[in-house]
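No value in this document is a laboratory result; all are computed from the given coordinates. These numbers were taken from a predicted model, which means no experiment stands behind them. FYI the Cβ positions are ideal-geometry reconstructions off the backbone, even for glycines, and counts take in every protein chain you see.
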Amino acid sequence: MSKFPPRVFSGVQPTGNLHLGNYLGAIVRFVEMQSTHDCIYCVVDMHAITVPASVWGGPKALRQNTREVTAAFLAAGIDPVKSIVFNQSQVSVHGELTWVFNCVARLGWLNRMIQFKEKAGKDRENASIGLYDYPVLMAADILAYFATHVPVGEDQKQHLELTRDIAIKFNNDFAESIAENGYGDAFFPVTEPLITGPATRVMSLRDGTKKMSKSDPSDYSRINLTDDADTIAQKFRKAKTDPEPLPSEMEGLKQRPEADNLVGIYAGLSGRSKSDVLREYGGAQFSAFKPALADLAVEMLAPVAGEMRRLLADPGYIDGVLNDGAGRARAIAEKTMDGVRDVVGFVHKT
């Protein structure tokens, strides 16, 4: 039996305009996992500032977006008593542990990170060190809490592999000290990914080969969590499709990215499999399927949007949730960091 009890850690960046992809790909899963795991959910505001302020909006926008993500967590059903909900910058261990991990991780590992190459683009020399080091901070986020499982999308799997590599190398590099200090044969767990559900990667409504994103210049590419019923219906009506009817079998979705995406969204919102959706709608034209999808989206998202608006009208309450969560998170992370100091050989207050 593992000495590490099951614990989930995950985070969402406060970059504004939360959309259906965030909801189905992350937040819905967060709610479900509360019944099976000890859960820690973080608004990762330190990750948000790795790109220019023109992207994350500056200080006022960052505070507002941090509260908006928190409101979305709560509105969707995350219980801040049962789970820990906090923002990353309130717990200094995230930064301190990142430095230790910077001295464990290898340059070659970070040079292979695909997402840095994608985000930095051709102007890589002008990218921030923070953007380059983002995956190491992510490792510190996870391992500060001895998290055994992390729900991740396909685009984050490589970063979680790096977290695992860092944990293994730390355990190996300091194996003797770990044992001498009474921590057994491993200090950190080797975290496992949780990739579940039919809509873990929601794609753009304008291009089924690209991920749904707030940075897409077209607002018609995404369903924002704050969109009203008419806007949701209009966006699904205008969503890109092909002229063929929906297939009856999964095989028929291959080479049809837009159809696959819409079926996946329906499946995710209804809690069913894609196969089930195709059994019901196979042979139907998109002119019939899109209104049904819009009605389902409105039914599922309208209560969340309404509760988000109510919560955002009381920022003091949201800040109280974050402060309470940060205190609980800090107690866990500081204990981890004390152990790291012992193992590495730092002299510290005991």
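For segment 33-39, putting each phi into the Karplus relation 6.51 cos²θ - 1.76 cosθ + 1.60 with θ = phi - 60° gives couplings of 6, 4, 7, 10, 9, 6, 10 Hz, in residue order, rounded to whole numbers and with x for Gly and Pro.
Placing unit charges on the Cβ atoms of the charged side chains and taking the dipole of the chain about its Cα centre, the candidate lying farthest along the positive direction among Asn171, Pro6, Gln234 is Gln234. Per-residue extension of 0.36 nm, minus the Cα-Cα distance of Asp314 and Arg63, leaves a gain of 89.0 nm for this segment.
The packing ranking, built from the mean of other Cβ atoms within 10 Å per residue, places the peptides 22-28, 110-116, 290-296, 73-79 in the order 22-28, 73-79, 290-296, 110-116, highest first. Rounded to the nearest 10 degrees, the angle from helix 257-270 to the longest Cα principal axis of the chain is 80 degrees.
Packing, as the average of other Cβ atoms within 10 Å across residues, places the peptides 300-307, 12-19 in the order 12-19, 300-307, highest first. Net charge dipole, the chain: roughly 460 debye, given to the nearest 20, about the Cα centre with Cβ charges of +1 for Lys and Arg and -1 for Asp and Glu.
Share of antiparallel DSSP beta bridges in the chain, in percent to the nearest 5? The answer is about 10 percent antiparallel. Simple rule: put +1 on each Lys or Arg Cβ and -1 on each Asp or Glu Cβ in segment 223-350, find the dipole, and look at Ala313, Ala326, Pro243; the Cα lying farthest toward the positive end is Ala326.
Of the peptides 54-65, 326-337, the order by per-residue mean of other Cβ atoms within 10 Å, starting with the highest, comes out as 326-337, 54-65.
Against the longest alpha carbon principal axis of the chain, how many degrees, from 0 to 90 and to the nearest 10, is the axis of helix 229-238 turned? For 229-238 against the chain, the angle is about 80 degrees.
Compared with the dominant Cα axis of the chain, that is its longest principal axis, helix 129-143 is turned about 80°.
Could you pull out every one of the lysines with an alpha carbon less than 19 Å from that of Lys349, ignoring same-chain neighbours closer than 8 positions? Of all the lysines, those that pass the test against Lys349 - Cα under 19 Å, at least 8 places apart if same chain - are Lys335. Cross-link partners of Lys235 among lysines, defined as those whose alpha carbon lies under 20 angstrom from its own and excluding same-chain residues fewer than eight positions apart: Lys210, Lys211, Lys214, Lys290. Applying 0.36 nm per residue to the separation of Cys103 and Lys122 and subtracting their alpha-carbon distance, the gain on full extension is 4.1 nm.
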